[in-house]
Amino acid sequence: MATCPSCNTWNPDDKVVCWRCQTPLPKPEPRRSRRTPRVYWGLPLWAWVALFLFFLFNLFLPIFLRMGP
Ligand SMILES: [Zn+2]
């Protein structure tokens, strides 16, 4: 809910101006949901994925090379 700064009348949240004195109401601050990047054991998820891919690459590259003609 919002209270009119001019006449102290209660106004519903969706009201832009006071229904009593037509004073523009201060907008309630929008709640910002801060997106904190997910961190696992000190590293963000993309870093773990990159490490995993790097590990897989190193693990399978010799196999692929051996499979070649
Ligand atoms: Zn008012």
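The values are calculated or read from the model by the stated rules, or taken from the named source; none is laboratory data. No experiment lies behind these values; they were computed from the predicted model shown. Note that we place each Cβ from the backbone using ideal geometry, even for glycine, and neighbour counts take in every protein chain shown.
Tell me which residues, restricted to the stretch 4-17, are under 33 Å from the mean Cα position of the chain (by Cα) and within 7 Å of the ligand (Cβ to nearest atom). Walk me through it before giving the result.
Just the residues of the stretch 4-17 that are under 33 Å from the mean Cα position of the chain (by Cα), to begin with: 4-5, 10-17.
Result: Cys4, single match.
Can you tell me which condition Arg32 does not meet? The list is (1) assigned to a loop (DSSP other than H, G, I, E, B); (2) at pLDDT 85 or above, and all the others hold.
Of everything listed in (1) assigned to a loop (DSSP other than H, G, I, E, B); (2) at pLDDT 85 or above, Arg32 misses just condition (2).
Confirm whether Phe54 is modelled with pLDDT of 90 or more, assigned to a helix (DSSP H, G or I) and surrounded by 10 or more Cβ atoms within 10 Å (Cβ to Cβ). Quick ask: steps written out before the conclusion?
Values: modelled with pLDDT of 90 or more: yes; assigned to a helix (DSSP H, G or I): yes; surrounded by 10 or more Cβ atoms within 10 Å (Cβ to Cβ): yes.
Considered against the rule, which asks whether it is modelled with pLDDT of 90 or more, assigned to a helix (DSSP H, G or I) and surrounded by 10 or more Cβ atoms within 10 Å (Cβ to Cβ), Phe54 comes out as yes.
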